[in-house]
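The values are calculated or read from the model by the stated rules, or taken from the named source; none is laboratory data. Values in this document were obtained by computation on a predicted structure and should not be read as measured data. Heads up, the Cβs are rebuilt from the backbone with ideal geometry, glycines too, and the neighbour counts pull from every protein chain shown.
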Amino acid sequence: MCAMPCSSFSMTPSSMKSWKPEVLSPAGSLDKLKTAVSYGADAVYLAGQKFGLRSAADNFTRDELAEGLEFAHLRGAKVYVVLNSFPHQSDIDALPAFVREIAELGVDGVIASDLGVITVVSQKSRLPIHLSTQASCLNEESGRLWKKLGVTRLILGREVTIQEAGRIKRATGLEVELFIHGSMCMAYSGNCTISNFTQGRDSNRGGCAQSCRFSYTLEDSQGEARSNQYFMSSKDLMGIDLLSYFFEEQIDSIKIEGRMRSSLYAGLISKIYREAVDTYSELRTLPQAQLIHWHQQLAYLPHRQYMTGSLTEAADQGSTLDRGVFDDQSHYEFLGLIRKVELNRYLLLEVRSVFRVGDEIEFVPFQGQPVCLTVTELYNSIGSPISEAKVTSLVRIPYIEGAQIGSLIRKVTQL
Amino acid sequence: MKLVAYARNSQELNVLKNAGAAEVLLCHSQLSRLGKLSTSELNALTSEARKLDLRPILEWDILMTHEGFTRALETLQEISWDSLCAVRVQDPGAYEWILENRKEMPIQLVLETGNRNLEGIRRWCEYGKGRVERVVLSIELPESRISQIISSLFVPVEILGLGPILLLYTPRHLLSNQSNHFEWMVKKDERAQHLIQTVASSEQTLHSGFRVIENQHGTLLFHAKDYCLLDQVRELREMNLDAFRVDYRLEESSEGLSQLNEVLLHPEQSNARQVIEAHPRKVTRCFFKANATDVLFKKLKNTEIQRQDSGFIGDVVEISRGQYTIIHVLSQKLSLKVGQALKFITPGGQIVQYQVEHLTDLDQRPVQEIGAGDFGMIHYVKHATPGSSVYQNLE
């Protein structure tokens, strides 16, 4: 089943000259970097194999980073490297060499939260330094301090409203970046050590065990215990409806969380916010039909319940979940990534989920509307007809106009 | 080594004085995470502390957005600054504000969150241009590191010696959010604007007894055990620790303080164990002897298949048992060639060696070489699986 009828609006080319915020997407791997950039991200953030906060992510080797930089720069996109752990002394000893290496490769900036890291980066390179949200920069005075310490951009705490972010930008003269979409820490970022003390995993060096997502038993005033309470589990952030405020306050960069998510997520979320930013930039409004379309797509991406976080007022009542699971609803299934295009002959697809002849699938072009298709023919990697595409295989599907290497194929699955 | 502790009222000031404390931390309801004092109470206690020859220190440790900062500044205008000996801050904005607006006031800088390396800690101190009279370090630092920092730093150091371990601090009111399900005991007294307390136990781990406190600043989650270094006092003195902080703010009474003086002054003669056993809850010294909170990271992903640059060619994307193996060439530097010696590393870590004798493209046309981004087909490689990494075998 397709997400929506394959008609309605078409996107206007992004040739607007007016100011726009940077769409900054997560890139947990080289594949995800290419997908995010291809689908419209102005910039991506990623980690090397050390100093980031996602130890379980694939993270980039030197060669992957070099390739990712070339890919992004050729398409006008920037690449920021996260160094946002809070390193112990033994960790930081290896940092100078890494900083010199990424500076030589030509990364566009680093994201750091620890003043030791910031000090090393400014001593060993001339890389722009973006203060990570982990540093919980929440007010103008804090912004002024970080500016004096060499920071060039403030990735503000998720507790800061868009209006406050604009105020901080004006007061400091620094670029400001705000999260617009994705999962949220319950604590002031960088101020949670539950994993450290209970699981022996340092959350501020990449080992967060997501203890805030666990269920807990709480005791009420009578000492009566109530189980299955997700009192620390935050709803997810979705700020697409508030894009006009980001424009009004000239927030330099809108950030999407999710380096651990799939290529499908990296691509679709980049595309949605690309379209929304370009549309608002041109029309100075977000037409209702398009908003509905984007909402539907965002609803089909894996998420917990959405909220607007603290973007307009402090997140509080109603900002936590009353259950632990992702929303029970239809969702996009990631069928595969186009790896090779034989013009007018076939597309070679690396299969991520099973699909069959007769299934309705969607081809998602880098720009423009998804194309709904019924699978009429399916061939294995060497061209023999098959009826089912299996995971960890390559299949050939008939050529689709507009398909390029890296294009995504999905379908909507009803739960 | 100074004993530093909090006082909530005159009685506690006297307990502190008798316990031999050097200074007292005073917590205003609008400025401190666990603060309950009104401005008049704080000003009165500041004066009393002075009379008792205790150094009164204002704790301003909340984190603040613009709105919170504005409220804090209103409160600060009513504080008797002349009687205070120092201000303790954690939010960098508060640090900046004191540096710019109270130019004579010494600063105690709380670096308990993060700040585990000397480069950063030193720079925080230098930024204060001589105004930082003490830094408060994280209890995640092990003994050896604290000792190195103390010997390398020009600013005296304090750590928590006995008290609750803060695990999470959020501005959200997490217990009020649950009010549909619970009749919470909202403690109202003259000092607290808003206070809800409960105990949480994880249903997915063995950890229980987390103390949860919601107040006007949000919600704080504490470890079931308290941090305690009473049995390490001699070591702390030897490393020249400047201040040993004791925090009884979550207890009904701070009478335990009176017994600490002897432990701090004469650790070799006193019986710290007796004091620890009398403490209202179990204690831990967590990472004081060693912090190994990064050793489990290796288990978070399969390091066997973590890509290495050296010799990397690509990944196996498909295998047809007994027939063929398809490799996606990903390297920009190395291609897949006839005659090449390959090493496959499977997702399970098994190493399979193979010599390429026959290579075709996906249309099964024989080729000598397959380059970046393309797919090459070789004979079936026994034991290799999809997801295996393919390297040039240089051995």
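Of all residues in segment A:162-206, count the ones that are more than 7 Å from every other protein chain (Cβ to nearest Cβ), out of contact with any Gly (no Cβ under 9 Å at 6 or more places or on another chain) and not small (G, A, S).
Residues meeting the conditions: 5.
Pick from segment A:23-67 the residues that are of a type in the set (V, I, T) and farther than 17 Å from A:G182 by Cβ: which of them is modelled with the lowest pLDDT?
A:T61
I'd like to verify a number: residues in segment A:302-341 that are among the polar types (S, T, N, Q) and modelled with pLDDT of 85 or more, how many?
Qualifying residue count for the region: 6.
For residues that are in contact with a Gly (Cβ under 9 Å, 6 or more places away or on another chain) and part of a loop (DSSP other than H, G, I, E, B), scanning just segment B:114-139, find the one that is surrounded by the most Cβ atoms within 10 Å (Cβ to Cβ).
My answer is B:R116.
Residues that are within 14 Å of another protein chain (Cβ to nearest Cβ), out of contact with any helix residue (DSSP H, G or I) (no Cβ under 6 Å at 6 or more places or on another chain) and in contact (Cβ under 8 Å) with a residue 60 or more places away in the chain, at least 3 per element: which strands (runs of 3 or more DSSP E) completely within segment A:256-365 meet that?
In segment A:256-365, A:331-342 are the strands (runs of 3 or more DSSP E) which contain 3 or more residues that are within 14 Å of another protein chain (Cβ to nearest Cβ), out of contact with any helix residue (DSSP H, G or I) (no Cβ under 6 Å at 6 or more places or on another chain) and in contact (Cβ under 8 Å) with a residue 60 or more places away in the chain.
Quick one: which of B:E48, B:E59, B:E96 is in contact with a Leu (Cβ under 8 Å, 6 or more places away or on another chain), assigned to a helix (DSSP H, G or I), at pLDDT 95 or above and within 29 Å of B:S258 (Cα to Cα)?
B:E48
I'd like to know if segment A:213-225 contains one or more residues that are part of a helix (DSSP H, G or I) and in contact (Cβ under 8 Å) with a residue 12 or more places away in the chain.
So far as segment A:213-225 goes, yes, one or more of its residues are part of a helix (DSSP H, G or I) and in contact (Cβ under 8 Å) with a residue 12 or more places away in the chain.
Restricting attention to segment A:226-245, does a residue exist that is free of Cβ contacts under 8 Å to residues at least 60 places away in the same chain and in a loop (DSSP other than H, G, I, E, B)?
No, every residue in segment A:226-245 fails to be free of Cβ contacts under 8 Å to residues at least 60 places away in the same chain and in a loop (DSSP other than H, G, I, E, B).
Does segment A:191-206 hold any residues that are within 27 Å of A:S25 (Cβ to Cβ) and more than 19 Å from the chain's Cα centre (by Cα), and which are they?
A:N191, A:C192, A:S195, A:R201, A:D202, A:S203, A:N204, A:R205, listed by residue number.
Kindly indicate the residue of segment A:373-386 that is surrounded by fewer than 18 Cβ atoms within 10 Å (Cβ to Cβ) and more than 14 Å from every other protein chain (Cβ to nearest Cβ) and also nearest to the chain's Cα centre (by Cα) among those meeting that condition.
A:T374
If a residue must be surrounded by 15 or more Cβ atoms within 10 Å (Cβ to Cβ) and either closer than 11 Å to B:K225 by Cβ or within 29 Å of the chain's Cα centre (by Cα) (or both), how many such residues does segment B:262-280 contain? Lay out the reasoning, then the answer.
Let us first name the residues in segment B:262-280 that are surrounded by 15 or more Cβ atoms within 10 Å (Cβ to Cβ), namely B:262-264, B:267, B:270, B:272, B:275-276, B:279.
Narrowing the set further to residues that are either closer than 11 Å to B:K225 by Cβ or within 29 Å of the chain's Cα centre (by Cα) (or both) leaves B:263-264, B:267, B:272, B:275-276, B:279.
Number of matching residues: 7.
Considering A:C212, A:C192, which residue is modelled with pLDDT under 90, outside the structural domain of A:V121 (by TED's automatic domain parsing) and crowded, with 23+ Cβ neighbours inside 10 Å?
Only one candidate qualifies: A:C212.
Can we say A:L242 is within 14 Å of another protein chain (Cβ to nearest Cβ) and under 30 Å from B:H173 (Cβ atoms)?
no
Filter segment A:255-288 down to the residues that are farther than 17 Å from A:E22 by Cα, modelled with pLDDT of 95 or more and touching a Phe, Trp or Tyr at 6+ places or on another chain (Cβ under 6 Å), then identify the one that is surrounded by the fewest Cβ atoms within 10 Å (Cβ to Cβ).
So, considering only residues that are farther than 17 Å from A:E22 by Cα, modelled with pLDDT of 95 or more and touching a Phe, Trp or Tyr at 6+ places or on another chain (Cβ under 6 Å), the one surrounded by the fewest Cβ atoms within 10 Å (Cβ to Cβ) is A:L286.
Determine if segment A:136-153 includes at least one residue that is of a type in the set (S, T, N, Q) and under 30 Å from B:C286 (Cβ atoms).
Scanning segment A:136-153 turns up at least one residue that is of a type in the set (S, T, N, Q) and under 30 Å from B:C286 (Cβ atoms).
Filter segment B:152-171 down to residues that are under 14 Å from B:R237 (Cβ atoms) and not aliphatic (A, V, I, L, M) and give me whichever is surrounded by the fewest Cβ atoms within 10 Å (Cβ to Cβ). I'd like the intermediate steps shown before the answer.
Looking only at segment B:152-171, we keep the residues that are under 14 Å from B:R237 (Cβ atoms), and these are B:156-159, B:161.
Remaining after also requiring not aliphatic (A, V, I, L, M): B:156, B:158, B:161.
Working: B:P156: 16, B:E158: 23, B:G161: 26.
Only one residue fits best here, namely B:P156.
Test each condition in (1) modelled with pLDDT of 95 or more; (2) buried (at least 24 other Cβ atoms within 10 Å of the Cβ); (3) among the hydrophobic types (A, V, I, L, M, F, W, C) for A:A171 and report the one that comes out false.
(2)
Counting only residues that are facing chain A (nearest Cβ under 9 Å) and not in a strand (DSSP E or B), how many does segment B:191-205 have?
3
Search segment A:71-93 for residues that are surrounded by fewer than 22 Cβ atoms within 10 Å (Cβ to Cβ) and pair each with any residue that is among the aliphatic types (A, V, I, L, M) when their beta-carbon atoms are under 6 Å apart and the residues are at least 6 apart or on different chains.
A:R75/A:V37; A:K78/A:A43
What is the number of the single condition among (1) touching a residue at least 12 places away in the same chain (Cβ under 8 Å); (2) out of contact with any strand residue (DSSP E or B) (no Cβ under 8 Å at 6 or more places or on another chain); (3) buried (at least 24 other Cβ atoms within 10 Å of the Cβ) that A:E141 does not meet?
(1)
Got a sec? Which of A:Y265, A:Y230 is of a type in the set (S, T, Y) and over 30 Å from B:I196 (Cα atoms)?
Checking each option against the conditions leaves just A:Y265.
Do you know which residues across segment B:77-112 are over 28 Å from B:R122 (Cβ atoms) and either within 14 Å of chain A (Cβ to nearest Cβ) or not hydroxyl-bearing (S, T, Y) (or both)?
Passing the criteria: B:Q77, B:E78, B:I79, B:W81, B:D82.
Filter segment A:113-153 down to the residues that are under 21 Å from A:Q89 (Cβ atoms), more than 10 Å from chain B (Cβ to nearest Cβ) and within 25 Å of the chain's Cα centre (by Cα) and list them by number.
Matches in segment A:113-153: A:V121, A:I129, A:S132.
Taking the condition of being surrounded by fewer than 18 Cβ atoms within 10 Å (Cβ to Cβ), assigned to a strand (DSSP E or B) and touching a residue at least 40 places away in the same chain (Cβ under 8 Å), how many residues in segment B:323-381 meet it?
3
Out of B:L25, B:L16, which single residue is in a helix (DSSP H, G or I), touching a residue at least 24 places away in the same chain (Cβ under 8 Å) and not charged (D, E, K, R)?
B:L16
Is it true that some residue in segment A:135-151 is small (G, A, S), in contact with a Phe, Trp or Tyr (Cβ under 6 Å, 6 or more places away or on another chain) and in a loop (DSSP other than H, G, I, E, B)?
Yes, because at least one residue in segment A:135-151 is small (G, A, S), in contact with a Phe, Trp or Tyr (Cβ under 6 Å, 6 or more places away or on another chain) and in a loop (DSSP other than H, G, I, E, B).
Which residues, counting only those in segment B:73-93, are within 17 Å of B:L25 (Cα to Cα), small (G, A, S) and outside any loop (DSSP other than H, G, I, E, B)?
Across segment B:73-93, the qualifying residues are B:S83, B:A86.
Which condition does B:R145 not pass, out of (1) in a strand (DSSP E or B); (2) touching a His at 6+ places or on another chain (Cβ under 8 Å), if it passes all the others?
(1) is the only condition that B:R145 fails.
Mind checking whether some residue in segment B:5-25 is crowded, with 21+ Cβ neighbours inside 10 Å and touching a Gly at 6+ places or on another chain (Cβ under 6 Å)?
no
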